[in-house]
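Working notes for the structure below.
The values are calculated or read from the model by the stated rules, or taken from the named source; none is laboratory data. Bear in mind that the values here come from a model prediction, so they are computed numbers and not experimental data. Backbone-built Cβ (ideal geometry, glycine too); neighbour counts: all protein chains shown.
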Amino acid sequence: MTEARQARRELGGLLGLALPLCLGHLGHQFMSIVDTAMLGRYGSASLAGAGTAIGILFAITVVGIGIVMGLDTLIPQSLGAGEERGARDLLASGVRLALVLTVPVSAIVVGAALILPRSGIESEVADQAAAHLYGRLPGIASVLLFATLRSFLQAHGVTRPMVVATVLANVVNFAGDWVLIFGDRGLERLGLPAVGLPALGAFGSGVATSAAGWVSVLVAALAVRSLLRAQAAGAPAAPMPARVARARAIVRLGLPVGLQLLAEVGVFALTGVLAVILGRLPAAGHNIALVLASFSFSTAIGIGAATSVRVGRAIGAGDTRAARRAGALGMVAAAGMMGAAGLLFLFMPHQLASLFSNDEAVRRAAVPLIRIAAVFQLSDAIQAVSAGALRGAGATRFTFAANVVGHYAIGLPVALLLGFALDMGAAGLWWGLSFGLTGVALAQSLRFRRLTARPVARARAA
């Protein structure tokens, strides 16, 4: 088979896997948009409180999510080597690990909720933030379990359940938001009789999101059970030493991923704080641009996950050349999709900003940031997919190091210099983000190129 034909075949397989995953991530972003829109109609304190709580919750849970994403390396490599039993054993270890991680993550969330009223934040906002965290508490296990089940399904190329789960979760979240945020007022707007249900505001939004998370887990679990039945899985459980060894392997590969995600989330959170220091309008413009950039970034996350699978399976099969091809095509595909979003950001910033605010001053603050976001779409795409490619190859420590250096040794200092010392304001902060993302993209893509220039060994689970 010619190189061009192999590339076309690989691109078809990659996009077939990536597109449903992109839809799943876009659906998750849409849930956040619905939450924001409904809370904005309930009250400003609830909106601000829930926004604060979501940032805190994500920073706490992202490390746990990253840890179970160690499966993104191990399961595809096992399948590439033809070890179906090994993949099933890894799934079982991942489920147990997700449940274990739920305990410390939940404890930290409760601690954050208790501290918030004493944090110096406006009391009503702090109370609503704490209430939202309590509403999200029952859904923490679902977040970690869904990440585990998703790793197993996407490694097998089974993606339709993720789309179904996203659709159903959005339906449950929308209905739950409407009823729980507004209480009887929400029921009456639907033409239903009042039942004495109080308006729960930010707490109700948290409960609705938790319920939606468990719906996603149910759909994914049913898909996994069907897949296991088709594989006639009935072998006895592995002995305890082997299970412990697999859990350690997942943590060894996944912890750097969690820390990498935390570093990336952290720099954007710090930029948000710096925007607040600059004033209300820069902060509002920053939030609008960030929502748009996050929405387009969802496509890169989906392609990055698919690339991780394709690279991992190729390495498991001992075909480093195919792994190199999969990684390169993933970066090209993501750059193409996010490049299209960048053109929208570049030529339609006013129209996009008007979707989020009727205030002309806020729109004017957002427009230059949206245009800067257009510039770093390619860097953001390449850094996301190169991270997925390196994860598939098992080189997760490098992605953590690249994100720390790129964002905190390059991006943040440039942001401070341009934003404050050179008085460029929020635009300077966003140029700093762009420099950081570009540095990470260059470092990771070059590392993947060098890594796959020679045979790559599998990451062993035991």
Which ones in the stretch 325-341 are more than 20 Å from the chain's Cα centre (by Cα) and crowded, with 21+ Cβ neighbours inside 10 Å? ARG325, ALA326, LEU329
May I ask you to say which residue of LEU197, LEU218 is surrounded by fewer than 19 Cβ atoms within 10 Å (Cβ to Cβ), within 30 Å of GLU84 (Cα to Cα) and over 19 Å from the mean Cα position of the chain (by Cα)? LEU218
From the list LEU71, LEU91, exactly one residue is touching a residue at least 60 places away in the same chain (Cβ under 8 Å), within 30 Å of ALA230 (Cβ to Cβ), touching a Ser or Thr at 6+ places or on another chain (Cβ under 6 Å) and among the aliphatic types (A, V, I, L, M). Which is it? LEU71
Pick out the one residue from LEU253, LEU346, LEU261, LEU292 that is surrounded by fewer than 21 Cβ atoms within 10 Å (Cβ to Cβ), in contact (Cβ under 8 Å) with a residue 24 or more places away in the chain and either closer than 25 Å to GLY419 by Cβ or under 18 Å from the mean Cα position of the chain (by Cα) (or both). LEU346
Which ones in the stretch 264-279 are within 18 Å of the chain's Cα centre (by Cα) and not in a helix (DSSP H, G or I)? none
Members of the stretch 67-89 found to be in a helix (DSSP H, G or I) and under 22 Å from the mean Cα position of the chain (by Cα), listed by number: ILE67, VAL68, LEU71, ASP72, THR73, LEU74, ILE75, PRO76
Flag if PHE297 is buried (at least 17 other Cβ atoms within 10 Å of the Cβ), of a type outside the set (Lys, Arg), at pLDDT below 95 and farther than 21 Å from THR159 by Cβ: no
Residue hits (the stretch 114-161; closer than 18 Å to ILE60 by Cβ and of a type in the set (Gly, Ala, Ser)) are SER119, ALA126, ALA129, ALA130, ALA131, GLY135, GLY139, ALA141, SER142, ALA147
Residue check for GLY304: farther than 29 Å from LEU429 by Cβ and either among the aliphatic types (A, V, I, L, M) or assigned to a helix (DSSP H, G or I) (or both): no
Give just the number: which of (1) surrounded by fewer than 21 Cβ atoms within 10 Å (Cβ to Cβ); (2) touching a helix residue (DSSP H, G or I) at 6+ places or on another chain (Cβ under 6 Å); (3) touching a residue at least 60 places away in the same chain (Cβ under 8 Å) does ARG449 not satisfy? (2)
Can you find a residue that is polar (S, T, N, Q), within 20 Å of ARG313 (Cβ to Cβ) and in contact (Cβ under 8 Å) with a residue 60 or more places away in the chain anywhere in the stretch 425-437? no
Filter result for VAL163 (of a type in the set (Val, Ile, Thr), buried (at least 20 other Cβ atoms within 10 Å of the Cβ) and touching a Pro at 6+ places or on another chain (Cβ under 8 Å)): no
Only one of VAL103, VAL110 that is touching a residue at least 12 places away in the same chain (Cβ under 8 Å) and either surrounded by fewer than 24 Cβ atoms within 10 Å (Cβ to Cβ) or part of a loop (DSSP other than H, G, I, E, B) (or both): VAL110
Those residues of the stretch 301-312 that are under 12 Å from PRO20 (Cα atoms) and of a type in the set (Gly, Ala, Ser) come to a total of 3
ARG150: of a type in the set (Lys, Arg) and touching a residue at least 12 places away in the same chain (Cβ under 8 Å), yes or no? yes
Every listed condition ((1) crowded, with 19+ Cβ neighbours inside 10 Å; (2) modelled with pLDDT of 95 or more) holds for LEU378 save (2)
Could you say whether any residue in the stretch 65-74 is within 25 Å of ASP319 (Cα to Cα) and either among the β-branched types (Val, Ile, Thr) or surrounded by fewer than 16 Cβ atoms within 10 Å (Cβ to Cβ) (or both)? yes
Kindly indicate the residue of the stretch 1-57 that is surrounded by 15 or more Cβ atoms within 10 Å (Cβ to Cβ) and hydroxyl-bearing (Ser, Thr, Tyr) and also nearest to TRP178 (Cα to Cα) among those meeting that condition. TYR42
Would a scan of the stretch 280-289 turn up a residue that is crowded, with 22+ Cβ neighbours inside 10 Å, in contact with a Phe, Trp or Tyr (Cβ under 6 Å, 6 or more places away or on another chain), modelled with pLDDT of 85 or more and part of a helix (DSSP H, G or I)? no
Pairs needed: first member in the stretch 3-22, more than 14 Å from GLY330 (Cβ to Cβ); second member anywhere, among the basic types (Lys, Arg); C-beta distance under 7 Å; at least 6 residues apart or different chains. GLN6/ARG325; PRO20/ARG160
Pick out the one residue from GLU84, GLU124 that is touching a helix residue (DSSP H, G or I) at 6+ places or on another chain (Cβ under 6 Å) and surrounded by fewer than 16 Cβ atoms within 10 Å (Cβ to Cβ). GLU124
